[in-house]
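Everything on this sheet refers to the single structure shown next.
The values are calculated or read from the model by the stated rules, or taken from the named source; none is laboratory data. This is a predicted model, so every value here is computed, not measured. Virtual Cβ from ideal backbone geometry, glycine too; neighbours counted across all protein chains shown. To get the accessible areas, we keep the full protein, side chains included, count just its heavy atoms, and leave off ligands, DNA and RNA. Shrake-Rupley method; radii C 1.70, N 1.55, O 1.52, S 1.80 Å.
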Amino acid sequence: MPWPEELERVLLTQKQLEDKIAELAAQIYRDYANKNPVLIGILTGAIVFMADLIRALPMDLSIDFISVSSYEDATTHSGRVRVLKDCSHDIRGRHVLIVEDIVDTGLTLQHLRHILQDRQPASLRLCCLLDKPSRRRTNVTADYLGFEVPDEFVVGYGLDYAEKYRNLPYVGVLKEDAYRKTCGVNSRGA
Ligand code: PRP
């Protein structure tokens with residue numbers, strides 16, 4: 001695959017991602033091997049991570065997806081999420097593992113956890129590939145975490161810039177002038 005001009009550098013190589021997913025899968029297998037969990041991926045960014053993670057888990061599990069949109073609540077000035085496409089499983093009494101590509105402010109996951117917790121799963125945990133702790137506005141932490149990343153605009157392996165680069169097989173850092181010139185600051189931008 002050619003090097004995209006808008007990329008400054010590769011942050012995480014395919015090999016680093018592959019090794020980390022094997023580590024995460026080993027931890028998840030240890031905790032869930034006989035629990036037939038439901039893994040819920042958050043669309044759209046989590047799909048690549050989800051696809052690789054489930055293939056590293058030699059055990060019974062179900063997969064599902066949920067799509068949410070984030071918005072700022074004008075009254076409380078807090079982020080909220082609206083469910084655009086709900087998951088289809090009844091998760092009451094099931095062990096649920098949320099699979100996410102990146103935690104940034106943590107607002108998406110904070111609200112999603114409340115939504116899913118109200119459905120009374122047997123347990124609810126979070127597996128997140130990337131964490132950008134410098135931008136956190138909540139106390140959300142991942143139970144299974146891949147990598148901490150710096151406060152830069154990361155793309156690839158599911159993460160996009162204006163819908164581009166989700167299909168890069170690695171994680172890269174976008175050049176600052178690439179996103180400043182078009183949109184200023186993005187929800188995941190520095
Ligand atoms: C990204 C990412 C998380 C969310 C994290 O999704 O996939 O869901 O932002 O941000 P937060 O911690 O500040 O809430 P995005 O809204 O870009 O949608 P996408 O997954 O479709 O790219």
Would a scan of segment 20-34 turn up a residue that is surrounded by 13 or more Cβ atoms within 10 Å (Cβ to Cβ), assigned to a helix (DSSP H, G or I) and in contact with a His (Cβ under 8 Å, 6 or more places away or on another chain)?
-> yes
Considering every residue within segment 38-50, establish whether at least one is more than 16 Å from the ligand (Cβ to nearest atom), closer than 17 Å to residue 144 by Cα and either within 18 Å of the chain's Cα centre (by Cα) or modelled with pLDDT of 95 or more (or both).
-> yes
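Based on what the data block shows, is residue 14 within 21 Å of residue 109 (Cβ to Cβ), open to solvent by 40 Å² or more (accessible area, probe 1.4 Å) and in contact with a Phe, Trp or Tyr (Cβ under 9 Å, 6 or more places away or on another chain)?
On the way: within 21 Å of residue 109 (Cβ to Cβ): no; open to solvent by 40 Å² or more (accessible area, probe 1.4 Å): yes; in contact with a Phe, Trp or Tyr (Cβ under 9 Å, 6 or more places away or on another chain): yes.
Criteria not met by residue 14.
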Within segment 87-146, can you find the residues that are under 20 Å from residue 159 (Cα atoms) and among the polar types (S, T, N, Q)?
-> 105, 108, 110, 134, 141
Does residue 173 fit the bill of being crowded, with 22+ Cβ neighbours inside 10 Å and in contact with a Leu (Cβ under 7 Å, 6 or more places away or on another chain)?
-> no
